[in-house]
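Below is one structure; the comments refer to it alone.
Values in this text are rule-based calculations from the coordinates and carry no lab data. Note that the structure is predicted; figures quoted are calculated from it, not measured. Please note: Cβ atoms are built from the backbone with ideal geometry, for glycine as well, and neighbour counts cover all protein chains shown.
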Amino acid sequence: MHRLTRDQLYEIGRRAPDFLFSVISQLGLQVDGMNRALSLYGDALSALERREFDPRILEDLSHPSPQLVTFADAFHRFADQIIDKRRQSDELASAALIQRSFLPRPELLRPMKDRLELKRRHASRPRWGG
């Protein structure tokens, strides 16, 4: 890598404008590549928020440009955490639904309200003799 001062770059541009144009074109391509990659990650984050994230997107993001390797690794960890938390949340919601299905529906208990008495057992008292 060679560093140029502003004056040196100006002088090279004055003597060889095609070279300077080539450098600017290459920089433009790199910026465009970064913008595309960031756009892809942004779209993937939006999909995560909307619960429309397809884990196959991670495959598309598995070959980041060298400039985005650290960002890509962080994105993968973040996406995995969100997917795990959503899976846990869905499992808890399913478990709660199953538990509620064991309880009698309140509208069925209302007619029996005056004929039914429920008592709580104390946790310290053994349930069965012993």
State whether the range 6-103 is rounded, prolate or oblate according to the following rule on the C-alpha gyration tensor (a ≥ b ≥ c being the square roots of its eigenvalues): a/c under 1.5 gives rounded; otherwise a/b larger than b/c gives prolate, and the remaining case gives oblate. prolate
Starting from the Cα of F19, step 7 Å along the direction of its Cβ; do the same at A47; then give the gap between the two resulting points in nm. 4.5 nm
